[in-house]
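Taking it in order: structure first as structure tokens, then the write-up.
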Amino acid sequence: MLDSGSWLPEIEKEIKAVQNLCRTTGDTPKNMALLKLIKADSEKVIIFVKYTATLDHLADFLGRNDVSFVLFHGGLPNEKKDAAIQAFKDNIQVLVTTVDSMNRRFQRDTASLDAYYQALEKEMRQNLNRSGLSQDLIREREEKIAMIPAELAAKKKDLLNKYGIRIDFKPAAALYLTSACVTVFARLISGRTNTDFSLTYNPVTKDMDPVACQSCGTGTYSIGLSPNLHINCPDCLGLPATEH
């Protein structure tokens, strides 16, 4: 008879093998397409998800496929959030985050900066009223107070660089879609002259498509007739644009 120390590791291996098999069968085409994009090159990748359950699912999927990643979400302590951002900047390829987590943290840090510098300016101005201050010291403190807006702007710029994301878009696919549409035929009349044109209702956007200016080709909802009866946009007619 085998003792527990000899057969437990074997059972654990079999359980893990079954778990991995179940996970593999659950890998969706969307997951596999994501994995293909990530492994296509070594560029940094940020994955935004709406639900924390999706975040956990992706963490499990990426971990099983040997993808280096970090998680960023509202449930992390502040020090772990900072560590996740720094790790992503240093050597981690993928950052998985919920849609609003980074935005909430950026807004919170910005509000903290505003509150700090407002309190600092208030305190410095109150100190100007202290008795016994020389004119040189008052002038020096006033100069420091005048520098507060510039210092605050610099701090906010650093914060924006910390949370800012530069995204390079690469076309991955194209979709050719055909659908029924409604065409409206209209006539513009100016004095004794007129010209016919058409408007198209787009069922995808649920709005009328803009009309192409016959002079510059720009799409526009504000149209008029030129002296040669061409349909023109306000720029070509020299008129201010109006809302449609």
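Could you say whether any residue in the range 72-91 is more than 26 Å from Arg108 (Cα to Cα) and either at pLDDT 85 or above or exposed (fewer than 14 other Cβ atoms within 10 Å of the Cβ) (or both)? Can you show your working first?
Pass one, the range 72-91, residues more than 26 Å from Arg108 (Cα to Cα): 91.
Retained after the next criterion (residues that are either at pLDDT 85 or above or exposed (fewer than 14 other Cβ atoms within 10 Å of the Cβ) (or both)): 91.
Yes, the conditions are met somewhere in the range 72-91.
Can you tell me which of Asp209, Asp196 is acidic (Asp, Glu), assigned by TED's automatic domain parsing to the domain that holds Leu229 and either within 28 Å of the chain's Cα centre (by Cα) or on the phi > 0 side of the Ramachandran plot (or both)?
Working: Asp196 fails: either within 28 Å of the chain's Cα centre (by Cα) or on the phi > 0 side of the Ramachandran plot (or both).
When all the criteria are applied, what remains is Asp209.
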Notebook entry, point to check: Taking the range 33-53 as the search range and keeping residues that are charged (D, E, K, R) and in a helix (DSSP H, G or I), which one is surrounded by the most Cβ atoms within 10 Å (Cβ to Cβ)?
Noted result: Lys39
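If I go through the range 54-71 residue by residue, how many of them are surrounded by 13 or more Cβ atoms within 10 Å (Cβ to Cβ) and in contact (Cβ under 8 Å) with a residue 24 or more places away in the chain?
12
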Checklist line | Flag for Leu177 being modelled with pLDDT under 85 and either farther than 30 Å from Asn232 by Cα or aromatic (Phe, Trp, Tyr) (or both) | finding: no
Notebook entry, point to check: Considering the range 224-239 alone, what residues qualify as being surrounded by fewer than 15 Cβ atoms within 10 Å (Cβ to Cβ) and over 14 Å from Leu188 (Cβ atoms)?
Noted result: Gly238, Leu239
Notebook entry, point to check: Counting just the residues of the range 103-128 that are out of contact with any Phe, Trp or Tyr (no Cβ under 6 Å at 6 or more places or on another chain) and in contact (Cβ under 8 Å) with a residue 40 or more places away in the chain, which one comes out nearest to Glu142 (Cα to Cα)?
Noted result: Leu113
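A quick yes/no check of all residues on (1) exposed (fewer than 13 other Cβ atoms within 10 Å of the Cβ); (2) touching a Gly at 6+ places or on another chain (Cβ under 8 Å); (3) modelled with pLDDT under 80; (4) over 29 Å from Asp109 (Cα atoms):
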{"position": "Glu143", "(1), (2), (3), (4)": "yes, no, no, no"}
{"position": "Ile148", "(1), (2), (3), (4)": "no, no, no, no"}
{"position": "Ala173", "(1), (2), (3), (4)": "yes, no, yes, yes"}
{"position": "Phe197", "(1), (2), (3), (4)": "no, no, no, yes"}
{"position": "Ala212", "(1), (2), (3), (4)": "no, yes, no, yes"}
{"position": "Ser222", "(1), (2), (3), (4)": "no, no, no, yes"}
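The values are calculated or read from the model by the stated rules, or taken from the named source; none is laboratory data. Because the structure is predicted, anything quoted here is derived from the model rather than measured. As a convention, Cβ positions derive from the backbone with ideal geometry for all residues, glycine included, and neighbour counts pool all protein chains shown.
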